[in-house]
Amino acid sequence: MYNFDFTRPSTIKEAVAAIGAGGQALSGGQTLIPTMKARLAMPETLVSLTGIQEMKGICTNDAGQICIGAATTHAEVAHEVAKSYPALSDLAGHIGDPAVRNRGTIGGSLANNDPSACYPSAVLGSGAIVKTNSREIAADDFFQGMFTTALEEGEIITEVKFPVPQKANYQKFVQPASRFALVGVFVAKFADGVRVAVTGASGEGVFRWTEAEVALSKDFSAATLDGMAAPSADGMISDLHGTGAYRAHLVKVMTARAVVAA
Amino acid sequence: MPKDSGIGVASKRREDFRFLTGRGKYTDDVALQGQLYAVMVRSEVAHGKIKKIDTEAISEMPGVRAVFTGEDFSEVGGNPAGWLINSRDGTPMREPKRPVLAHGKVRHVGDAYAAVVAETLQQAKDAAEKLAESAVIEELPAIVDMAGAISDSENRVHDEIDDNLCFDWGWIEDNREVVDKALTSSPHVTTLQLVNNRLVPNAVEPRSSIGEYDPGTGEYKLTTTSQNPHLTRLLICAFVLGIPEHKLTVVAPDVGGGFGSKIYHYGEEALVLAAARKLGRPVRWTADRSESFLSDAHGRDHLTTIEVGSTMDGEILAIRTSTLANVGAYLSNFSTVTPTFLHGTLMAGPYKVPHVYVNLKAVFTNTAPVDAYRGAGRPEATYSLERAIDKLSRELNLDPIEVRKKNLLTPDQFPYTSPVGLIYDIGNYQNTLDKAIELADLKNFESRVKKSKSNGKLRGLGLSTWIEACGIAPSNLVGQLGARVGLYDAATVRVSATGTIQVMTGAHSHGQGHETAFAQLVASKLGVAEDAVEIVHGDTSKIPFGMGSYGSRSLAVCGSAMDRAVDKIIEKGKKIAAHMLEADEIDITFENGNFTVNGTDKSKSFGEVAFSAYVPHNYPLETLEPGLEETAFYDPNNFTYPAGAYLCEVEVDPDTGKVTICSFTCADDFGNVINPMIVDGQVHGGVAQGIGQALTEQTVYNEEGQLLTASYMDYTMPRADDLPFLKVDHSCQTPCTHNPLGVKGCGEAGAIGSPPAVVNAVVDALNRGGHAVTHIDMPLSPHRVWQAMQG
Ligand SMILES: Cc1cc2nc3c(=O)[nH]c(=O)nc-3n(C[C@H](O)[C@H](O)[C@H](O)COP(=O)(O)OP(=O)(O)OC[C@H]3O[C@@H](n4cnc5c(N)ncnc54)[C@H](O)[C@@H]3O)c2cc1C
């Protein structure tokens, strides 16, 4: 690790100013700190977001959306939404290990947009809204490919607003070593249709499997998927842990399982 | 009434108190006045010519005290292979020099070519990074694939070795033709090609070394993560740095696991000593996890073709194997004996096979050195054999259990001279097999298959009946076979005036619980309380000599030395007691801690005799020296032969290829057992590692020689939730006939017997599910199993 300065502001405004002055946001540090330890990142100033009360905690707004502060840890989410949004709670409760869940945050995970991360599938699958210091971004616009998001330079995520579906489930088939998602599928059934978001599989990061959405919107059953082809293996990640064809196959298997479990 | 102490009792591990309360003291915990930090500069390319290392560029950086390169060690020796192997044509193996720091060329990613010593770790890292940036290394084509390596005379790992071949070994060469003929005339021949996957040892404590030098006395001290401190001292003194052996103390304090990787001497140990000498201050180095992946000696990495000839009803007639074994870029200390005498000699397994021939070519590649890893050679032999027998059974439509029963040696056939040169002293392989079958509730297996099927899962059963050779010995035999060291061990038993006992052993405990088991051994023999006995290990200044812990030798060899030393104590005690009791020495019996005159109630306790030895007021000073301390060296006259039967039941998820181990049953024969709880733990750990090899662990170098699985993000260690509850039994005991304790060793068994049982089970499950799969190479990751099912 290289030397760096450290600040811990207590308001979003101060944080944005410090980042604007050349600092880098530090939330749970579960991605950034290991990168710094390996000397792969060398921020001059770290701006911790963990002292900002307005970015922490969970509530339900008048529209019935679950609003999660960006600096809320995975463990808190797992605990707090267990009743109100069990699928989201279950997803958060299976990220990494207890240490990771007690430090890592939803905002950090989304900003990082790791193609194998879990949260992006819940955000996209729920049609959630990502709120930043300057605007609100629909999930469909937020994720822009592997490790890439709609965030502008210096912009930070402050909150995520989740509409609550009638039924939902997340199925994670783990990459055996890292236990991130080799393929993770988040299925959410709303009154006006079904959303299916897939993480881990595509080189472009999280995506919606629209064919399955159409079919499941008509008939929300695993049997509907039986006759369907798996999504195309083109553009799927191929690595030591599985070929693109395997991942494509798993997308279908995990989608069916999510429908059954929802 | 169950006993609560002594042999056969599950005494709690006394060392766990300090480990579990954070009071263990590991090398990196040792803090010394004035210490400096060393950081190794490691190659980022697999193969390259070192053109320029600009040490001047960093010499002025903050805190930098010294920079070393290969040049600095060009005058000293190299780290040798411990075993000379001759090729089939009688020529000796090719043995390139393994320098302290790479010189001229770098030969694998992670090969250290320089070292920086600075006041703080950060300063040393900063300077090392700068040095690496300014170094000029001309990249050469990487030699990674073994078959390619030996057919390529252009690209050489070592310029003087034209075909990258270390040796081409035949065992037993004189039998080659007979075996060929036997195979040709066999009614059935099964052929199987298999990969024994390369493993990264991943001890929880990374390697770490601290060098000290005292200019006042000329004495050196090395504190290091070693399974084998005396061997490390010997290698550094006799081969590498030329330090007089009496001027170097090697201490291996608490060590957090080794699995083989800490048997060997590594360049970093010589580096910190040389740096301490140059700078007159202690110099320390600790690997980070990435360095461990890149620079610890890896394990296994064999490519084998096995042929098994048999009758149509499964009687084995002949076995022939042909193997390429990767030794990596340099010969690590045991890298030449592991694939040969620890592998080829086991190729008959527990079976009565008339003809066996093993051919093995050891190949240099631009990868990390490969050496002994838990089991060392024996898992490779067992895997090949047990997989092939399973395939043979399937081809002949025979029950794999029956095929094994047909071929297992029977108790009346011992001692048995195998066609690959070992003499098995004793065993009862039928017993362990029957026991495993009983414990695994095999009679209800078919109903479990049905139940799995109704849940959409494929269930399968896998068996392996395995044997190993432990406690490698005797010295005169291993010497004839090429060993450059003896394989005995030593112990000193020192009784104090108050009757407490210190035992100095050449074994080294790095998780095995020696401090408990050895104390049980000595205490029960002397009839004293276990807590009156202290086991001292891991310090060359305290212990007469030793060959360390590996190869499941500690109890069989070092424990036997201890037993001999205790015998001498008792003998001397009898003389003292005879004097005290005014009796004849031959009339004294020692039992339950008392020296008694036969047929009388006249007796002296062990404590009284010890006191008299140190306060010799009433003592036969004319004929006997005072004091009560004895040393014994013990050189066994054979290996020991633990054996057992392992049964594994798996479920395969046909949709994803994921394998779940439902049950795993081990019936082992370890001979006599000193502490059953510790033995259970050793088997648990071994099986966990075996399941890791079978299902999860994979080491991948790409064509450029980059290690793709260089962190836990990609290298899959087995975790608790990958493992079933293990059924472990060691009640079938045929005590070893040639050591005084009747013990055989249990440290590696689990890792030897389990991989084939797991793979056999998965192949069985797939076949029961209608997939005609004959073999899948380890690790059986979900992806690989799924692919095999796609045909
Ligand atoms: C062992 C281990 C296992 C893991 N397993 C999983 C898993 O199974 N599934 C999974 O999804 N993830 C997993 N993770 C990742 C984990 O969830 C991380 O916590 C998460 O990806 C990053 O969140 P963080 O709060 O730690 O962010 P940090 O590491 O603090 O930051 C990550 C990046 O985001 C930026 N950033 C942080 N907060 C904000 C913000 N509010 N606005 C804008 N930018 C911001 C930072 O500048 C940095 O670039 C694992 C991590 C580890 C170490």
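The values are calculated or read from the model by the stated rules, or taken from the named source; none is laboratory data. Given the structure is predicted, the values throughout are model-derived calculations rather than measurements. No Cβ is skipped: glycine too gets one built from the backbone with ideal geometry, and neighbour counts run over all protein chains shown. These accessible areas exclude ligands, DNA and RNA; they are computed on the full protein's heavy atoms, side chains included. Shrake-Rupley method; radii C 1.70, N 1.55, O 1.52, S 1.80 Å.
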| task | Place a +1 charge on the Cβ of each Lys and Arg in the range A:167-261 and a -1 charge on the Cβ of each Asp and Glu, then give the dipole magnitude about the Cα centre in debye, rounded to the nearest 20. | result | 340
| note | Inter-part gap, Cα centre of the range B:558-592 to Cα centre of the range B:382-411, in whole angstrom, is 51
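A plus B alone minus the pair: what accessible area, both sides summed, probe 1.4 Å, in Å² to 100? Don't jump to the answer; show the numbers that get you there.
On the way: alone 12010 and 29250 Å², together 39440 Å².
Separately minus together, A and B give about 1800 Å² buried.
If you count, for each residue, the other Cβ atoms within 10 Å and average over each peptide, how do B:57-70, B:543-556, B:178-191 line up from highest to lowest? Intermediate results must be reported in sequence, preceding the final value.
Numbers: B:57-70: 18.0, B:543-556: 27.2, B:178-191: 16.0.
Ranking, from highest mean packing down: B:543-556, B:57-70, B:178-191.
With +1 on each Lys and Arg Cβ and -1 on each Asp and Glu Cβ, how big is the dipole of the protein assembly as shown about its Cα centre, in debye rounded to the nearest 20? Could you put the intermediate results ahead of the total?
Details: 93 positive and 125 negative charges, 304 e Å.
That gives the protein assembly as shown a dipole magnitude of about 1460 debye.
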| task | Please work out the average accessible area per residue across the range A:5-162, using the 1.4 Å probe convention, and give it in Å². | result | 44
| Roughly how many whole Å is it from the C-alpha centroid of the range B:689-742 to that of the range B:261-287? | 30
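Enter the mean number of other protein chain beta carbons within 10 Å of the beta carbon of each residue in A:173-184, as an integer. Walk me through the intermediate numbers first.
On the way: counts 5, 2, 6, 16, 12, 6, 4, 1, 0, 3, 1, 0.
Going residue by residue through A:173-184 and averaging, the value is 5.
Which value at 222 nm does the protein assembly as shown reach when only helices count, each DSSP H run of 4 or more adding -39,500 (n - 2.57), with the total divided by all residues and rounded to the nearest 500 deg cm²/dmol?
On the way: 30 runs with 291 residues, N = 1053.
The helix contribution divided over the protein assembly as shown gives -8000 deg cm²/dmol.
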| At most 14 other Cβ within 10 Å, DSSP loop - GluC sites (Glu not before Pro), the range B:506-590 | B:GLU582
| said: Given a 1.4 Å probe, show me the residues in the range B:743-791 buried by at least 50 Å² of accessible surface when comparing the whole protein assembly to the chain alone. | reply: B:HIS783, B:TRP786
| Taking all protein chains as present, what is the carbon and sulfur share of the accessible area of chain B, in % to the nearest whole number, probe 1.4 Å? | 50
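If we sort B:604-617, B:356-369 on the protection proxy, mean other Cβ atoms within 10 Å, highest first, what's the order?
Numbers: B:604-617: 18.8, B:356-369: 26.4.
Top of the packing list down: B:356-369, B:604-617.
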| task | Anything losing 30 Å² or more of accessible area from the isolated chain to the full protein assembly: pick those residues out of the range A:219-242, probe 1.4 Å, ligands and DNA/RNA ignored. | result | A:LEU240, A:HIS241
| query | Relative contact order for the range B:488-634: what is it in percent, counting Cα pairs under 8 Å that are at least 6 residues apart? | reply | 33
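Would you mind counting up the charge near A:PRO34? Only other residues with Cβ under 13 Å from its Cβ, with Lys and Arg at +1 and Asp and Glu at -1. Don't skip to the answer; put the middle values down first.
Numbers: positive: A:LYS37, A:ARG39, A:ARG103, B:ARG289; negative: A:ASP114, B:ASP288.
Local net charge: +2.
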| In peptide B:251-263, what is the residue-averaged number of other protein chain Cβ atoms found within 10 Å of each Cβ? | 0
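With an 8 Å Cα cut-off and a minimum separation of 6 or more residues, compute the relative contact order for chain A in percent. Can you show the working numbers first?
Working: 592 pairs, mean separation 39.0, N = 262.
Averaging sequence separation for qualifying contacts and normalising by length gives 15 percent for chain A.
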| task | Could you name the lysines whose alpha carbon sits less than 30 Å from that of B:LYS52, not counting residues in the same chain fewer than 8 places away? | result | A:LYS37, B:LYS97, B:LYS105, B:LYS125, B:LYS130, B:LYS278
| remark: If each part is reduced to its alpha-carbon centroid, the range B:162-200 and the range A:1-62 end up apart, in Å, by 60
| note | Note on the protein assembly as shown: alpha-carbon gyration tensor, axes a ≥ b ≥ c; rule is a/c under 1.5 for rounded, else prolate if a/b larger than b/c, else oblate; result prolate
| Test item: B:187-199 mean partner chain Cβ contacts at 10 Å | 0
| request: Treat every Asp and Glu Cβ in the range B:488-634 as -1 and every Lys and Arg Cβ as +1, leave all other atoms uncharged, and give the resulting dipole magnitude about the Cα centre to the nearest 20 debye. | output: 300
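Of the peptides B:398-408, A:28-38, A:225-235, B:503-513, how do they stack up when ordered by the mean number of other Cβ atoms within 10 Å, highest first? Show your work: numbers first, answer last.
On the way: B:398-408: 18.5, A:28-38: 16.7, A:225-235: 13.7, B:503-513: 25.6.
Per-residue Cβ counts within 10 Å, averaged per peptide and sorted highest first, yield B:503-513, B:398-408, A:28-38, A:225-235.
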| query | Under a straight-distance cross-link criterion of Cα-Cα below 27 Å, which lysines are reachable from B:LYS181, leaving out those fewer than 8 residues away in the same chain? | reply | B:LYS352, B:LYS361, B:LYS391, B:LYS405, B:LYS406
| task | Give the accessible surface of the range A:167-261 per residue, rounded to a whole number of Å², with probe radius 1.4 Å and ligands, DNA and RNA excluded. | result | 37
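Looking at chain A, identify the longest residue range that excludes and avoids all chymotrypsin sites (Phe, Trp or Tyr not before Pro) in DSSP loops having at most 14 other Cβ atoms within 10 Å.
Numbers: sites that count: A:TYR2, A:PHE147.
That gives A:3-146 as the longest site-free run.
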| request: Compute the relative contact order of the range A:1-154 as a whole-number percentage, counting only Cα pairs closer than 8 Å that sit 6 or more residues apart in sequence. | output: 19
